[in-house]
Amino acid sequence: ELLKHTPDLTNIPPLQRFGFAKKRINDIFEKFKVFLEEMDTFIGNSFIKDTNDLHGEHLDTQNMLRQIESIVQIIDRDHMKVAFFGRTSNGKSTVINSMLRDQILPSGIGHTTNCFLSITGVDVQEPYLLRPDSPDKKNAQTIKRLSNSLSKECLDPNAIVRLYWPKTKCALIRDEVVLVDSPGIDMSPDVDGWIDTHCQDADVFVLVANSESTLMHSEKSFFKRVNAKLSQPNIFILNNRWDCSAGEDTATRDEVRSQHQERTIEFIVDELGLMTRKETSERIFFISAKEALKIRMGQASDLAQGWEERHKEFEDFELKFENCLSASAINTKFHSHALRGRDIANSLNESLVKVEELSFNYRKKCEEERKRKEQQLNFVLKESEAIKHHFKKKIESVGSHVEDLVSDALRE
Ligand code: GTP
Ligand code: MG
């Protein structure tokens, strides 16, 4: 019934589709829950509750209710997650800042991000952060404070600091998108630990590469591990710092670009076996995160030649990224809930068929019992009639005999 009224999701902006789908699926499960509760009450008041083989064994509504409640809770926590990876100083934090359109995360030369950092949009006025070892909300209002707090207090590269940023300040995090920044993949040998801890529920991975060099061994081996551990990961590759090619002549620039493009396609298609050549070419972009951030912060006065084109490519990346992110999150997250919901509905259906069959047999048994009792009653009635009749005659004959005796006696 609910699905009949679902409007065409393509008419809704990509990132809002997730929230919309979340509400729809939540409504369906809530209705399912109400139905199960009604069923549970009905059974609690009916003869079924006293009939062990009907209730306990075949129709465990309480257990189904518990399963539905746990799905509803998981749906409530579901969000779209994007993880950014790349070597130190490739510009991961700068890319995130450009997408958020503000200088939020610390960035700079050298090893800047020294642990995982997630950014979630919340309905608050002031930003705050949570360290992994404390439930206390730390003030994160200025970039300097955030930078100090991160560099001093969180040194385990596998740990995650959670930054909560007011939704009103950034459009990207308004619609349940969580962005995860990471330390350089060349900084930790525990790549598997990273993937297990931070990537299992990631919908999209963004590899921030450096367009001044080719894809490195550390970058390739990281994504080989991601590909081995997760099924069909969605990967975007950003060749960052493309502004550094502005000084080159067009021919050289084109040559470098097609060389990077070709090597990246080879890696994704031949080594990872993830996508076709055509699909892969839609996932590779040549951008300048630093320029994009400047443009978005109104500081675009001294940009290198060709910045308009690079910024257009950055916007093109964002568009394709948003479409991919919402489609992937809806598919992977809600699809599994929908399948579980369908399994519960199927087993409820099977139970109800079984209960119907068993209650039909039970009714037949009761009717046979009633018939037997009726026959017994008829027999008893007949017998008592016969007895009554027999005794009436006897009494009458005894009565007339006594009367004869009395009149004989009187005569004598
Ligand atoms: P770590 O956190 O240390 O791993 O580095 P990161 O990958 O987060 O890099 P970050 O964003 O901190 O950027 C490193 C330096 O590169 C900073 O000084 C940025 O300003 C600079 N940078 C980032 N993107 C670009 C770009 O597109 N062009 C140029 N020229 N510089 C960039
Ligand atoms: Mg960083």
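The values are calculated or read from the model by the stated rules, or taken from the named source; none is laboratory data. For clarity, every value in this text was computed on a predicted model and none was experimentally measured. Cβ sites come from the backbone with ideal geometry, for glycine too, and all protein chains shown count toward neighbours.
Taken over segment 7-22, the criterion of being at pLDDT 85 or above and among the hydrophobic types (A, V, I, L, M, F, W, C) is satisfied by I12, L15, F18, F20, A21. Modelled with pLDDT under 85 and not in a helix (DSSP H, G or I) - does that describe any residue in segment 352-365? Checked against the condition, which is being modelled with pLDDT under 85 and not in a helix (DSSP H, G or I), segment 352-365 yields no hits at all. Taken together, the criteria place V177 among residues that are more than 16 Å from ligand 2 (Cβ to nearest atom) and among the aliphatic types (A, V, I, L, M). Within segment 281-297, residues that are part of a helix (DSSP H, G or I) reach partners that are of a type in the set (A, V, I, L, M, F, W, C) and within 16 Å of ligand 2 (Cβ to nearest atom) with beta carbons closer than 7 Å, at six or more positions or on different chains, in the pairs A289/V95. When E212 is tested against the conditions (1) within 16 Å of ligand 1 (Cβ to nearest atom); (2) farther than 30 Å from L163 by Cβ, the lone failure is (2). Only one of the listed residues (L274, L238) is assigned to a loop (DSSP other than H, G, I, E, B) and surrounded by 14 or more Cβ atoms within 10 Å (Cβ to Cβ). That residue is L274. Pairs only if they're at least six apart or on different chains, beta carbon under 9 angstrom, first in segment 74-85 and touching a residue at least 60 places away in the same chain (Cβ under 8 Å), second among the hydroxyl-bearing types (S, T, Y); list them, first residue then second. Going by the 9 Å Cβ cut-off, the qualifying pairs are H79/T120; M80/S326; M80/S328; K81/S118; A83/S182; F84/S93; F84/S182; F85/S182. Considering segment 108-143, and only residues there that are at pLDDT below 85 and near ligand 2 (Cβ under 9 Å from one of its atoms), the residue that is surrounded by the most Cβ atoms within 10 Å (Cβ to Cβ) turns out to be T113.
Taken over segment 230-286, the criterion of being of a type in the set (A, V, I, L, M, F, W, C), under 23 Å from V82 (Cβ atoms) and touching a Ser or Thr at 6+ places or on another chain (Cβ under 8 Å) is satisfied by I237, W242, I265, I268, V269, L274, I284, F286. In segment 82-105, the qualifying residues are those that are of a type in the set (G, A, S) and assigned to a helix (DSSP H, G or I), and the one that is farthest from ligand 1 (Cβ to nearest atom) is S98.
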